[in-house]
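Structure, as structure tokens:
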Amino acid sequence: MTTSNLNINATELNQFRATFIAATSNGTLMSADKARMLLLQSNLPRELLGKIWQLADHDCDGSLTSDEFAIAMYLVSVCKKGGALPAALPPSITPPLAADSTAVTASDNSWVVTNELKAKYDSYFTGIDKDLDGYVSGEEVRPLFIASKVPQPTLAHIWTLCDINNRGNLNREQFALAMHLIAEKVRGKDPPKKLTPQMFPPSCRNQPQQSSPPKIGSSVSAPVPLKPGDYSAIKELDTLHGEVDQLGKEKLQLKQELVDKQDAIQQKKSEIDVSL
């Protein structure tokens with residue numbers, strides 16, 4: 001079976017989605033442990049299952065959406081029939097999967113973040129929006145962004161792209177877009193220099209970009225001007241690096257002080273022994 005012939009028919013897709021719903025408690029995400037258990041039932045070599053996982057976990061977050069699970073199960077069936085895995089997912093089986101299992105055709109109303117992924121990223125957003133104001137700051141997203149291991153300059157660029165109105169924070173849609181771009185970078189695809197029309201969050205379309213402060217009483221924080229090449233767009237990232245450097249210096253200083261004290265104690269002990 002060639003890459004061009006890879007295609008999940010409607011019957012297979014519905015079957016895989018039914019299995020996904022039955023195996024998950026929330027019907028949104030399947031944990032790695034649950035997916036591993038199901039994949040191992042295929043009796044395929046673990047190395048091959050590992051490659052299937054890498055292909056199916058499209059956003060590289062360590063869990064599977066319904067579409068990602070369907071892709072994994074389909075690739076398992078391909079291998080069991082003697083077929084070979086593709087080096088990368090062809091468009092025909094790349095999320096999102098339509099009812100007829102072909103990739104969704106782009107339209108003026110489409111968005112690069114699928115409804116399924118948006119639901120996943122919304123759950124992340126809810127977990128880090130500590131003040132429940134409907135926006136997340138650089139400080140709130142910092143741990144999640146850093147965990148991606150994407151270079152800081154790239155994270156800063158992604159932040160700049162997604163902070164469309166230059167407010168210094170992200171709403172749910174902007175956050176979802178940022179997570180999408182980070183996931184794409186993890187998979188080796190660089191973020192664009194500027195957003196394409198289909199990257200703009202639906203709520204931000206047909207709205208002029210603005211750099212003026214929000215109206216008094218707005219729930220968002222004051223805007224943080226972003227300069228070209230300024231990698232402190234997520235300022236907390238720079239702060240974190242500074243804190244780490246400072247802690248390292250303090251640790252070395254404490255070690256030196258400890259050595260000095262130990263030498264002084266040893267010297268004093270020698271003097272006492274001599275006097276006795």
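When residues in the range 175-195 are screened for being open to solvent by 30 Å² or more (accessible area, probe 1.4 Å) and hydrophobic (A, V, I, L, M, F, W, C), 1 of them pass. Checked against (1) in a helix (DSSP H, G or I); (2) polar (S, T, N, Q); (3) surrounded by 12 or more Cβ atoms within 10 Å (Cβ to Cβ), Gln198 passes all but a single condition, namely (1). Among the residues of the range 113-138, those identified as more than 19 Å from Asn165 (Cβ to Cβ) and outside any helix (DSSP H, G or I) are Thr114, Lys130, Asp131, Leu132.
Summed over the range 114-143, residues that are at pLDDT below 90, among the aliphatic types (A, V, I, L, M) and either touching a helix residue (DSSP H, G or I) at 6+ places or on another chain (Cβ under 8 Å) or open to solvent by less than 40 Å² (accessible area, probe 1.4 Å) (or both) total 2. Residue count for the range 139-156, restricted to those that are assigned to a helix (DSSP H, G or I), within 22 Å of Thr114 (Cα to Cα) and in contact with a Leu (Cβ under 9 Å, 6 or more places away or on another chain): 3.
Tally time: how many residues in the range 144-154 are β-branched (Val, Ile, Thr), without any contact (Cβ under 8 Å) to a residue 60 or more places away in the chain and either in contact with a Ser or Thr (Cβ under 8 Å, 6 or more places away or on another chain) or open to solvent by 50 Å² or more (accessible area, probe 1.4 Å) (or both)? Lay out the reasoning, then the answer.
Let us first name the residues in the range 144-154 that are β-branched (Val, Ile, Thr), namely 146, 150, 154.
So of that shortlist, the ones also without any contact (Cβ under 8 Å) to a residue 60 or more places away in the chain come out as 150, 154.
Next cut, either in contact with a Ser or Thr (Cβ under 8 Å, 6 or more places away or on another chain) or open to solvent by 50 Å² or more (accessible area, probe 1.4 Å) (or both) only: none.
Number satisfying all stated conditions: 0.
Scanning the range 22-76 for residues that are within 17 Å of Ile8 (Cβ to Cβ), of a type in the set (Ser, Thr, Tyr) and touching a residue at least 40 places away in the same chain (Cβ under 8 Å) turns up Thr65, Ser66, Tyr74.
The values are calculated or read from the model by the stated rules, or taken from the named source; none is laboratory data. If you're wondering where the values come from, they're calculated on a predicted model, not measured in any experiment. Reconstructed Cβ throughout: ideal geometry from the backbone, glycine too, with neighbour counts over all protein chains shown. Calculation scope for accessible area: heavy atoms of the full protein, side chains included, ligands and nucleic acids excluded. Shrake-Rupley method; radii C 1.70, N 1.55, O 1.52, S 1.80 Å.
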